[in-house]
Amino acid sequence: MARRQLHRLSARTSASKKKPGLYCDGGQLYLQVTEAGGKTWIFRYQSPQRFARDVCRIVETRPDTTYDNFSRDFGERFVPGYNRPSTVNFLLNSPFKE
C-alpha cells in the first residue's frame, strides 16, 4: 500500500515557486502563491463527518471497489442497501479457465 509522501516542498523548492497556485507539501499542508507573489502556508482540515460522507459517496458510486478495505465498513454502517462484494464471488466468476 502506498503511503502519503510528506514534506514534498523543501525550503529551496518553496522559495523557487513563482507561479500563482497551491502546491501540496503532503498531509493537507499547502503552499499558496498569490498573483502578487506572496506566499502563505495553508492547512486544510477535514472534519470526521465530511470524511465519512466522502467515503460513503465512494461506496455508493463504486461499490465494486470496496470488497477488501475500510470503505466496506462505512458502507455496511452508513449506506442503506449496501451489499458487500465478495472476493470469493469475484474469483469464482472470473473469466479465466483453470
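Here is how the numbers come out for the structure above:
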read-out	value
Test result for Arg8, among the basic types (Lys, Arg), surrounded by 13 or more Cβ atoms within 10 Å (Cβ to Cβ) and in a loop (DSSP other than H, G, I, E, B)	yes
Among residues of region 87-98, those that are exposed (fewer than 12 other Cβ atoms within 10 Å of the Cβ) and either under 22 Å from Cys56 (Cβ atoms) or among the aromatic types (Phe, Trp, Tyr) (or both), counted	2
Extreme residue, surrounded by the most Cβ atoms within 10 Å (Cβ to Cβ), among residues of region 17-75 that are in contact (Cβ under 8 Å) with a residue 12 or more places away in the chain and small (Gly, Ala, Ser)	Gly75
Segments classed as helices (runs of 4 or more DSSP H), wholly inside region 25-98, with at least 2 members that are modelled with pLDDT under 75 and over 20 Å from the mean Cα position of the chain (by Cα)	87-92
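The values are calculated or read from the model by the stated rules, or taken from the named source; none is laboratory data. Not measured: the values here are computed from a predicted model. FYI the Cβ positions are ideal-geometry reconstructions off the backbone, even for glycines, and counts take in every protein chain you see.
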